[in-house]
Structure formats: C-alpha cells, structure tokens
Amino acid sequence: MGVLAAERIKLTSTRSPWWCSVAVIVLGIGFAVLMAFVLNADSTGNAADGPPPLTPSTAVSGISGFGVMVLMIMAALSVTSEYRFGVIRSSFLAVPNRSKVILSKTALVGAYSAVLTGILALLAFVVAKAIAGDNAPGLVLEGNWRAIYGLPIYAVLCVVLAVAVGVLVRQSAAAISLLILWPLLIETLLGAFGSFGRTVTPFLPFANMNRFLNDQVVRGDWHWGVWGSLIYFAAFVAIVFAGALVVVNRRDA
C-alpha cells in the first residue's frame, strides 16, 4: 500500500497525466459529437452516398483510435520520465523489490485508464445518440455492448504494454515512437500486402484487439473467434511485460 501511495503521488503531482486526461476527454467526446453532426448534415445514412452509419463502435472510435494511444503515451512517460530524471533510482532504493514498483505503477495507471475510458465510452454513446436521434437507427447497445465494455479492457492492456515498453527502452522518444508507429504504420503496412497481408494479419497483436472491439473492420484469414483475438493480445502483452520485469531486475537503474 505504501508503494501504491507513492505512485499515486507521482501520478497526481505531475502535469502530463492531467494534460493527457484532458486530451482523451476532448478526443472521445469531440469525435462522437463530430460524427453525429456529420450524420445529421447528411441524413441519408448510406455508406455509398454519405457518411457510414453511426454505430456504438463509430461513436467511441475517438477513444479507441486516439484516446487509448494518449493513455499509452502517459503510461510510458510515467516510467521513462523517472529514468530521465533519476527518480527511479530513489524508488528502487526505497523498495529493493523492483517488480513491486513496476507492478504498482502499472496497476494504478491501468485502473485509472479503465475508469476513464469506461465512463467516456458511455458518455460518447449518450452524446452521439442525443445529437443524431432518429438519423442513427444503428446506434443501439443491444448486440453492441462489446464496443463499450471492450474499451476499458483495451485501455488496461495497452497501458500494461506501454509500461513494459518504457521499462525496456527507458527513453521517452523511443518508447513513444514505437507505441505510435507499431499500430498505425507497421501493422498497417504488413496487412496491406495482398495474400501475405491476409495471412499475417491474424498474428498481429493490435489487429487482434481491433477485431475484438469491432470484428467488421478487420479482414484476414482468422483461425479463432473474437474472444480468441482478445486472449491473443493479452498473451502478447503478458509476454512483453514479463520480459520487462526480468530486464528491470537484472540491469542497473
């Protein structure tokens, strides 16, 4: 509990978590409002003639597409900033069990991210529904709950991965670059090469998580269901995080 309290003070006494939280809120709610207004401006709701139909997945895409990425940056900075300013050495001197420090930091940031994204997902849905009204018949929760409750799961797993990457590389620029380029560029390029892309896509971690959130947008020759995709991504995150714990206990701070 003492380690958790120390990590809570670190998290709440620095500016970057607050600015990142504001960015996530603006992205999440703002994108839902934007999509609803776009749908109202072109009320055909026909993907061929106007904007695609507004669904829960579309309403919360500002959170899943950009908000979670900001949370990943926040989680990585919570580690790399301590390495940059040497604070991590004091933490390890106070708590010789380094794994306990990293686990406490991950648990705190992960819990905060889960609560924030869960609340924002519901708010984004409600706001989009209120603005779009009858123009969005597909904006219903029945049969689409996974788009809402999947976001906190996604956020927690991404935060764990970001902390692990921060521990492994220890440099803010390197960690942020890897976390942004990986899902946006590397996996997109690998999946764009015809039959090779369709073959390799089922083994890409973020593609699996995106399939869990919305199985209509990710194509490929899948060998398991949507819950299998979640398990695959969780296993990948667990392996990277376990490697980070091994590394942090073996090398100098």
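The values are calculated or read from the model by the stated rules, or taken from the named source; none is laboratory data. None of these values were measured; they are calculated from a predicted model. When we count neighbours, we look across all protein chains shown, and the Cβ atoms used for this are built from the backbone with ideal geometry, even at glycine.
The sole residue among VAL109, VAL95, VAL79 that is buried (at least 21 other Cβ atoms within 10 Å of the Cβ), within 27 Å of ARG170 (Cα to Cα) and either out of contact with any Leu (no Cβ under 9 Å at 6 or more places or on another chain) or among the small types (Gly, Ala, Ser) (or both) is VAL79.
A single entry from GLU82, GLU142 fulfils the requirement of being part of a loop (DSSP other than H, G, I, E, B) and of a type in the set (Asp, Glu): GLU142. Would you check if GLY150 is small (Gly, Ala, Ser) and part of a helix (DSSP H, G or I)? Yes, satisfied. Applying the criterion of being of a type in the set (A, V, I, L, M, F, W, C) and either in a helix (DSSP H, G or I) or buried (at least 21 other Cβ atoms within 10 Å of the Cβ) (or both) to the residues of the stretch 39-61, the residue that is modelled with the highest pLDDT is VAL60.
Restricted to the stretch 162-227, the set of helices (runs of 4 or more DSSP H) holding at least 3 residues that are at pLDDT 85 or above and within 14 Å of the chain's Cα centre (by Cα) comprises 172-181, 205-213. When the stretch 78-91 is filtered for residues that are touching a helix residue (DSSP H, G or I) at 6+ places or on another chain (Cβ under 8 Å) and at pLDDT below 85, the ones remaining, listed by number, are VAL87, ILE88, SER91. Taken as a whole, the stretch 185-204 holds no residue that is out of contact with any Gly (no Cβ under 9 Å at 6 or more places or on another chain) and under 26 Å from LEU116 (Cα atoms).
One line per residue, one yes/no per condition, for (1) of a type outside the set (Phe, Trp, Tyr); (2) surrounded by 19 or more Cβ atoms within 10 Å (Cβ to Cβ); (3) farther than 27 Å from TYR83 by Cβ:
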position	(1), (2), (3)
GLN171	yes, no, no
ALA175	yes, yes, no
LEU179	yes, yes, no
TRP182	no, no, no
ALA192	yes, no, yes
SER195	yes, no, yes
VAL226	yes, no, yes
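Screening the candidates ALA75, ALA36 for the property of being in a helix (DSSP H, G or I) and at pLDDT below 85 yields one hit, ALA36. When the criteria are applied in full, ASN214 fails the requirement of being among the polar types (S, T, N, Q) and closer than 26 Å to LEU103 by Cα.
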